């Protein structure tokens, strides 16, 4: 009986108590990193890491997934993504890619997606799911 009670107490405690400071920052960083890597790996033709379109795509994903209050270094995430997706990347290619991403940020080619677009996309998905449910038998 004690073991069952202890299990439930532990389970409830882990749901109530949230990690703070560096632990939560690392877990958010890892989640963002994994999400972006899976999206980038879906691209069929990953030939070279200095492709400007790939750099812009990764930069846009990072810009929209990383929240300012989390204080996560976007540049380091970008470098880590390149190292994961392209294991044989050289330091020179990393420097070229970092310079390209900085240029794209300075020229405002990489932007956050407006909240209105998020809302429209979500509403389309919800309406579509309701329509599909209505058509089923």
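The values are calculated or read from the model by the stated rules, or taken from the named source; none is laboratory data. Predicted, not measured: the structure shown is a model, and the values here were computed from it. Quick reminder, even Gly has a Cβ in these numbers, built from the backbone with ideal geometry, and neighbours come from all protein chains shown.
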Cβ-Cβ under 7 Å, sequence separation 6+ or interchain: first residue in region 57-73 and on the phi > 0 side of the Ramachandran plot, partner in a helix (DSSP H, G or I) and surrounded by fewer than 18 Cβ atoms within 10 Å (Cβ to Cβ). Which pairs? 71/25
Odd one out for residue 89 among (1) part of a helix (DSSP H, G or I); (2) surrounded by 17 or more Cβ atoms within 10 Å (Cβ to Cβ); (3) modelled with pLDDT of 85 or more: (1)
Step by step: first the residues of region 56-70, then only those that are modelled with pLDDT under 80 and out of contact with any helix residue (DSSP H, G or I) (no Cβ under 7 Å at 6 or more places or on another chain), then the one that is surrounded by the most Cβ atoms within 10 Å (Cβ to Cβ). Which residue is that? 67
For region 108-120, which positions are within 18 Å of the chain's Cα centre (by Cα), surrounded by 11 or more Cβ atoms within 10 Å (Cβ to Cβ) and assigned to a helix (DSSP H, G or I)? 118
Within region 96-107, does at least one residue satisfy the condition of being assigned to a helix (DSSP H, G or I), free of Cβ contacts under 8 Å to residues at least 40 places away in the same chain and within 19 Å of the chain's Cα centre (by Cα)? yes
Looking at the structure I just gave you, is residue 53 out of contact with any helix residue (DSSP H, G or I) (no Cβ under 6 Å at 6 or more places or on another chain), closer than 25 Å to residue 102 by Cβ, modelled with pLDDT of 75 or more and exposed (fewer than 11 other Cβ atoms within 10 Å of the Cβ)? yes
In this structure, is residue 81 in a helix (DSSP H, G or I), in contact with a helix residue (DSSP H, G or I) (Cβ under 6 Å, 6 or more places away or on another chain) and under 22 Å from residue 114 (Cα atoms)? no
